[in-house]
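Just below is one structure, and these are the notes that go with it.
What follows draws every value from the coordinates through simple rules; no lab data is involved. In this text, all values refer to a predicted model and were calculated from it rather than measured experimentally. Positions of Cβ are backbone-derived with ideal geometry, glycine not excepted, and every protein chain shown enters the neighbour counts.
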Amino acid sequence: MHERLSFYIPRSSTLHQLNPLTKVTLTFTLIILAFFSPWYWTAPLLAVGVILPLSALGQVLRPYLSAAARLVLPAVAFIFVMQSLFLPGGQTVLVRLWLLEVTVESLSAAFLTTTRIFAMVSAFILFLLTTHPSHLMSDLTRRKLPAAFAYVIISTLQIIPQMQAKAQTIMDAQRARGLDTESGFIRRVQALTPLVGPLVFGSLVEVEERAIAIEARGFSSTRPKTSLHEIPDTPRDRAIRWVLLALIVLTFASKLWLS
Amino acid sequence: MAVLNLRNVTYTYPLTDAPVLKNVSLQVEEGEFVAVIGPNGAGKSTLCYAIAGFIPHFYKGELTGTVEVEGVDVRQTTLSERVLQAGLVFQNPFSQITGAKYTVYEEIAFGLENTGVPPDEMHRRIGQVMRLTGITDLAERSPYALSGGQQQRVALASILVMEPKILVLDEPTSQLDPIGAREVFAVIKALSEQGRTVVMVEHKVEWVAAFADRVIALDGGEIVLEGTPRQVLSAVELAGRGFGLSRYTLAAHEAEKQGLWPRGEPLPVTLAEAVAGFGRRGGKA
């Protein structure tokens, strides 16, 4: 369980070889296009026509589909149902359910919102599947992102499974002393109280030790930092980023002109 | 010239009244292995922090006297430069993992990235320390998925790779099981044989006796006794002050009271010394 702490799937595809910043730009461009393009069908087209082929290009089609199906579809489906039922102001009633009515207008608005959310989340999933978190952070620190900021992001990602494991250990220890954690709902909530103290205070003590440990490794050094992984930033990367940037500008411009 | 030179060091932690180190003076020569023993609260960890620059750069408080490594006083340098001179490994293997890296190899590289070592040099040094600490086969594992002994060897490798002049070890095996402790001691022994300068706080008296050139007994923030392992570790008067002495020393001390230990022979620390001493007594009797 502790061996894999990120979504990242190692492959040697074109997408994997892109500079992490290019992939960050790509992700944000996709999201901005999905949300701000004046054309109604942009988001579904991006999801099917761009993100899906890109996941095939990145050789992560299968994990992409499974993540999209497990994580995104249920949430998106829920939002779709709620919006179609509750969005007010529709004229053309299709179905009437007691007090609620599904109208053509609410259906079309629900479709727009859900496809946008779907495009956004799946763009993120594609990014996480093809970008190693430490490569991203080395590249961003090379571009003058403060090292402390990068450290906080990466260590938070790693610390969650550690905290879960520690919480489980404390739970087991309390249970061994007769704490009831398995009967009714109220009892279970009460059982959480003796967990919080050791978990929170234990973690605070560990923070000091962790601070000493990273300082012992020269964390606050003012020397120019280097990186173990040399992350290439090719002319192709730069060209792609300019194109993406132009797309973002175009999207906002068309949004302004057409409204 | 001494690599490490502490002169009249007195230190008080912030918000406390009593000093934790009182007028401590200590010189360590290049290649020397110095062990520090003492009961809880004697100031052993504080001494380690002072050598590695955490006092006064990380823990503020009041420091008087000088702490020089290679002739540079701690106040004339920064913490991140000091750790390149004196590397610190401490007790808890888990909290020494940075949490910023996904593999052991990257974990060891962390300190080198921070201090601007070029990548080619990094690969060379990392390969070398991984062989030295016997963790080459763990290179691609997650540092969190290791045993305590393995994690502590990764922590040791991560400090060694920065090539500090002095290695400061603060009870490096106290949270490990016997197998893990033996793995870590084997590495420390190899380091000492290569002529590294080491200052190690350690409770396990028999290991201290096997490694150390010199032993410092610290109590209440003061150096109460200093000498060869045999001189210090067999000083039974320390047992009454909360020092953990070896069972061979204590047994021979009891025997001495009964006249069963050869007169004039220093008390033993290790099994071999005890066997030799009792053997001689047996021969005489």
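Label zone of residue B:222 (point 7 Å out along Cα→Cβ, amide N under 18 Å): in region B:241-270 this covers B:241-243. On the beta carbon distance between residue A:13 and residue A:189, with R0 = 41 Å, the FRET formula returns roughly 0.30. Top mean-square fluctuation among B:105, B:11, B:59, Gaussian network model of chain B, C-alpha springs under 10 Å? Top of the fluctuation ranking is B:59. Restricting attention to the protein assembly as shown, close to 60% of DSSP beta bridges with both partner residues there are antiparallel. Given R0 = 35 Å, the distance between the Cβ atoms of residue B:213 and residue B:128 translates into a calculated FRET efficiency of 0.90.
Grab the eigenvalues of the alpha-carbon gyration tensor for chain B, scale each by 5, take roots, and send me the semi-axes largest first in whole angstrom.
Working: eigenvalues 240, 118, 50 Å².
They are 35, 24, 16 Å, listed largest first.
Rounded to the nearest 0.05, the FRET efficiency derived from the C-beta distance between residue B:136 and residue B:206 at R0 = 41 Å is 0.90. Shape descriptor for region A:135-259: Rg over Rh equals 1.21 (Cα atoms; Rh from the Kirkwood inverse mean 1/r).
Counts of other chain beta carbons within 10 angstrom of each beta carbon in peptide B:45-54 average 1.
Can you give the alpha-carbon Rg of region B:178-262 over 2.2 N^0.38 Å, where N counts its residues?
Numbers: Rg = 14.4 Å, N = 85, 2.2 N^0.38 = 11.9 Å.
With N residues counted in region B:178-262, Rg over 2.2 N^0.38 Å equals 1.21.
Pairs of lysine in chain B with Cα under 18 Å and at least 8 positions apart or on different chains: total? All intermediate terms of the calculation are to be shown ahead of the outcome.
On the way: B:22/B:44; B:22/B:60; B:44/B:60; B:44/B:204; B:165/B:189; B:189/B:204; B:257/B:284.
Lysine pair count for chain B: 7.
Considering only B:103, B:212, B:159, and ranking their Cα positions along the charge dipole of region B:4-229 that arises from unit charges at the beta-carbon of Lys, Arg, Asp and Glu, the one farthest toward the positive end is B:103. Pairwise Cα separations in region B:246-285 fall into 5 Å bins from 0 onward with the following percentages, short to long: 6, 30, 39, 22, 3, 0.
Short to long, the 5 Å bins of the Cα pair-distance histogram for chain A hold 1, 5, 9, 11, 12, 12, 12, 11, 10, 9, 5, 2, 1, 0 percent of all pairs. Taking a ≥ b ≥ c as the square roots of the eigenvalues of the alpha carbon gyration tensor, region B:81-130 is oblate, as a/c is not under 1.5 and a/b does not beat b/c. Distance between the 7 Å Cα→Cβ label points at residue A:156 and residue A:205: 2.6 nm.
Each semi-axis of the equivalent ellipsoid for region A:101-195 is √(5λ) with λ an eigenvalue of the Cα gyration tensor; in descending order they amount to 38, 31, 10 Å.
Distance between the 7 Å Cα→Cβ label points at residue A:81 and residue B:1: 7.8 nm. Peptide B:107-118 has a mean shielding of 6, counted as Cβ atoms of other protein chains within 10 Å of each residue's Cβ.
Distance between the modelled labels on residue B:250 and residue A:249, one decimal in nanometres: 8.0 nm (7 Å Cα→Cβ projection). Backbone amide hydrogens, once placed in the peptide plane, bring residue B:117 within less than 5 Å of A:226, excluding anything fewer than 5 places away on its chain.
Shape summary of the protein assembly as shown, radius of gyration then Dmax from alpha carbon positions: 31.1, 115 Å.
Looking at region B:45-103, which trypsin sites (Lys or Arg not before Pro) are DSSP coil and have at most 11 other C-beta atoms within 10 Å of their C-beta?
When the trypsin sites (Lys or Arg not before Pro) of region B:45-103 are filtered for loop state and at most 11 Cβ neighbours within 10 Å, B:60 remain.
Length gained on full extension, residue A:177 to residue A:40, computed as 0.36 nm times the residue gap minus the Cα-Cα distance: 43.3 nm. Once backbone amide H atoms are built at 1.01 Å from N, residue B:29 has B:3 as its partners under 5 Å, excluding neighbours fewer than 5 places away on the same chain.
When shorter helices are ignored and each DSSP H run of at least 4 residues is given -39500 (n - 2.57), the per-residue value for chain A at 222 nm works out to -22500 deg cm²/dmol. Couplings 3J(HN,Hα) for region B:66-73, derived from phi with the Karplus relation 6.51 cos²θ - 1.76 cosθ + 1.60 (θ = phi - 60°), are 10, 10, 10, 10, 6, x, 9, 6 Hz, where x marks Gly and Pro.
Might you report the magnitude of the Cβ-based charge dipole of chain B about its Cα centre, with Lys and Arg at +1 and Asp and Glu at -1, to the nearest 20 debye?
Working: 26 positive and 33 negative charges, 143 e Å.
For this selection, approximately 680 debye.
Using alpha carbons only, the radius of gyration of region A:143-215 set against its Kirkwood radius gives Rg/Rh = 1.14.
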